[in-house]
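I have placed the structure first, in the form of structure tokens, so that the comments after it can refer back to it.
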């Protein structure tokens, strides 16, 4: 059974702390691996297109209070330049205040990986620094024009280096021929170790220019399939009709038996 915490939002520090405590996150944070907090900063637009910096700060503070590991923030934006997205959304200031590294996955040294069981990405470039890191996927809850929803799993596209996959936009080659299959493949190479979903104000209709919807929730889970299924339902979708979730079910997590922990 997969657990997903669903906590009513009060403020980011309290709600995220409650959600992470509910799934026992403190005991599972590493002390000897780099922790990378991975928000969704697909471009320089503000929330709810992108993850609010306050959410990232709350996750950082929780990790800092419960482990001794080095903590960094990492992103490889889908449009524009990653450092510009950091600057525009307050992450540069956050990093200065807490002494954090801001990683640009579009520019980090990478390595070519291979998987014979991949659905379509039999090879994938991945930043070396991410391979052994403990990745916390921190997306904002959004609809998506290609995959119906973009939550913890689709957020991992940010790891793929843009110079390897750019076309009409930074990661365009990952979206063809099937974005759904690419989501599953990217997560097979590197799945998030922990997921925290900002569902305070979701974005409905479209991932770059949709309609904000107040949900007032924070989700947390160690199972990316389960948390994406719960998030998809919050957006009004049947997760069993979303292709990437059907393909990932039983492989990267499970959506058939989910325990919701309300808070």
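The values are calculated or read from the model by the stated rules, or taken from the named source; none is laboratory data. Just so it is clear, the model here is predicted, and its values are computed rather than measured. When we count neighbours, we look across all protein chains shown, and the Cβ atoms used for this are built from the backbone with ideal geometry, even at glycine.
Of all the residues in region 160-177, those that are in contact (Cβ under 8 Å) with a residue 60 or more places away in the chain and out of contact with any strand residue (DSSP E or B) (no Cβ under 6 Å at 6 or more places or on another chain) number 5. In region 102-113, the residue that is surrounded by the most Cβ atoms within 10 Å (Cβ to Cβ) out of those that are under 18 Å from the mean Cα position of the chain (by Cα) and free of Cβ contacts under 8 Å to residues at least 60 places away in the same chain is 105.
All conditions in (1) touching a residue at least 24 places away in the same chain (Cβ under 8 Å); (2) farther than 29 Å from residue 230 by Cβ; (3) not in a loop (DSSP other than H, G, I, E, B) hold for residue 92, with the sole exception of (1). Of all residues in region 167-177, those being surrounded by 16 or more Cβ atoms within 10 Å (Cβ to Cβ) and over 15 Å from residue 188 (Cβ atoms) number 5. For region 147-173, the set of residues classified as assigned to a loop (DSSP other than H, G, I, E, B) and within 14 Å of residue 76 (Cβ to Cβ) consists of 160, 161, 166, 169, 170, 171, listed by residue number. Each residue in region 102-139 was checked for being in contact with a helix residue (DSSP H, G or I) (Cβ under 7 Å, 6 or more places away or on another chain) and in a strand (DSSP E or B), and 13 of them qualify.
Do we have residue 181 as part of a helix (DSSP H, G or I) and either touching a strand residue (DSSP E or B) at 6+ places or on another chain (Cβ under 7 Å) or at pLDDT 95 or above (or both) here? Criteria met by residue 181.
Go through region 99-124 and give me each residue that's in contact with a strand residue (DSSP E or B) (Cβ under 8 Å, 6 or more places away or on another chain) and farther than 30 Å from residue 177 by Cα. Those that are in contact with a strand residue (DSSP E or B) (Cβ under 8 Å, 6 or more places away or on another chain) and farther than 30 Å from residue 177 by Cα: 100, 101, 102.
Restricting 82, 92 to those that are crowded, with 23+ Cβ neighbours inside 10 Å, over 15 Å from residue 138 (Cβ atoms) and modelled with pLDDT of 95 or more reduces the list to 82. Put simply, of 191, 199, 220 the only residue that is surrounded by fewer than 24 Cβ atoms within 10 Å (Cβ to Cβ) and either under 13 Å from the mean Cα position of the chain (by Cα) or on the phi > 0 side of the Ramachandran plot (or both) is 191.
Apart from one condition, residue 235 fits all of (1) at pLDDT 95 or above; (2) crowded, with 19+ Cβ neighbours inside 10 Å; (3) under 28 Å from residue 113 (Cβ atoms); (4) out of contact with any helix residue (DSSP H, G or I) (no Cβ under 7 Å at 6 or more places or on another chain); the exception is (3).
When 198, 228 are checked against the criterion of being within 30 Å of residue 30 (Cα to Cα) and not in a strand (DSSP E or B), a single residue qualifies: 228. Scanning region 28-37 for residues that are touching a helix residue (DSSP H, G or I) at 6+ places or on another chain (Cβ under 8 Å) and farther than 23 Å from residue 216 by Cβ yields a count of 4.
Counting the residues of region 114-144 that are surrounded by 15 or more Cβ atoms within 10 Å (Cβ to Cβ) and more than 20 Å from residue 222 (Cβ to Cβ) gives 11.
The set of residues from region 172-183 being over 24 Å from residue 249 (Cβ atoms) and in contact with a helix residue (DSSP H, G or I) (Cβ under 6 Å, 6 or more places away or on another chain) comprises just one member, 173. Each residue in region 35-78 was checked for being touching a residue at least 60 places away in the same chain (Cβ under 8 Å), within 20 Å of residue 104 (Cα to Cα) and part of a helix (DSSP H, G or I), and 3 of them qualify.
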